[in-house]
Amino acid sequence: MTRAADRAKARPPWALIPLAVLAAAFLVVPFLALLQRTPWTGLGDLIGRPVVVDALRLSLLSSLAATGAALVLGIPLAWLLARQRFPGRSVVRAMVLLPMVLPPVVGGAALLFAFGRRGLLGEPVYDQTGLLLPFSTAGVIVANTFVAMPFLIITVEAGLRSMDRRYEDAAATLGASAWTVFRRITVPMVAPSIVAGAVLCWARALGEFGATVTFAGNLQGRTQTMPLAVFLALESGDRQAAIALSLLLIVVSLAVMVPMRDRWLGV
């Protein structure tokens with residue numbers, strides 16, 4: 001009776017199965033269509049084009065740099081939001097997460113008004129240093145970081161809120177400094193959340209389009225990432241190049257996300 005009851009509990013409600021199959025098909029069929037239209041015989045030549053190589057290099061560089069910047073800046077902010085009470089915390093959290101729900105083009109426009117040649121911060125910085133972020137590789141990294149860092153922050157904050165704080169309390173009772181507790185206890189305990197947040201952040205940065213094209217432009221070898229190159233190929237009618245670029249972007253994403261699934265999904 002016990003085994004039969006366990007098997008009965010393990011069976012999903014019948015109504016969920018067709019809906020789950022429909023959801024999986026909805027997500028998988030577009031990729032199958034892309035594979036079906038892929039020009040396999042000339043794929044090597046398409047991938048070897050300078051525009052593809054430049055776009056892939058810039059996408060990897062900018063997404064990894066954005067993830068690094070998000071780790072350095074996002075973990076402290078996630079800790080502050082999770083552990084400290086201060087006036088306006090809910091407003092700060094809402095503003096931090098705003099890039100997740102805003103249209104990316106709006107985010108790019110906001111970056112332009114903040115860091116552009118005549119921007120709120122961009123103008124004094126340019127006058128003092130001559131540094132100009134728009135239409136530069138650095139601008140691509142800034143745009144990627146802006147739209148991707150909230151994914152890291154919200155994931156790490158959730159990990160910090162759910163962790164068992166007794167270990168931190170025990171370390172503090174034994175005389176460990178706040179920095180030592182953070183470095184030796186807190187960070188290792190929320191490492192899965194940090195890894196998950198970093199993967200999500202990187203994936204979002206790799207696929208970023210709207211903020212990048214608005215803030216940094218679409219210049220080959222300088223600001224043209226893979227998504228921008230796909231868009232340009234479609235606009236110019238070069239569907240084979242667009243398909244090859246899309247396939248390469250999918251392969252790169254899967255090459256990183258699939259091996260990491262055990263760490264950030266816990267399966």
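Is it true that some residue in the stretch 35-46 is touching a Leu at 6+ places or on another chain (Cβ under 7 Å), hydrophobic (A, V, I, L, M, F, W, C) and part of a helix (DSSP H, G or I)?
Scanning the stretch 35-46, I find no residue that is touching a Leu at 6+ places or on another chain (Cβ under 7 Å), hydrophobic (A, V, I, L, M, F, W, C) and part of a helix (DSSP H, G or I), so the answer is no.
Out of curiosity, is LEU98 part of a loop (DSSP other than H, G, I, E, B) and hydrophobic (A, V, I, L, M, F, W, C)?
no
List every residue pair whose Cβ atoms sit under 7 Å apart, with the two residues 6 or more apart in sequence or on different chains, where the first one lies in the stretch 221-243 and is touching a residue at least 12 places away in the same chain (Cβ under 8 Å) and the second, anywhere, is among the acidic types (Asp, Glu).
Going by the 7 Å Cβ cut-off, the qualifying pairs are GLY221/ASP54; GLN224/ASP54; PRO227/GLU208.
If you scan the stretch 126-158, which residues turn out to be surrounded by fewer than 15 Cβ atoms within 10 Å (Cβ to Cβ) and in a helix (DSSP H, G or I)?
ASP127, GLN128, THR129
In the stretch 234-252, is there at least one residue being over 23 Å from PRO103 (Cα atoms), at pLDDT below 85, under 19 Å from the mean Cα position of the chain (by Cα) and surrounded by fewer than 18 Cβ atoms within 10 Å (Cβ to Cβ)?
yes
The values are calculated or read from the model by the stated rules, or taken from the named source; none is laboratory data. As the structure is a computational prediction, the values presented were derived from the model and not from experiment. In this analysis, Cβ positions are derived from the backbone assuming ideal geometry, glycine residues included, and neighbour counts consider all displayed protein chains.
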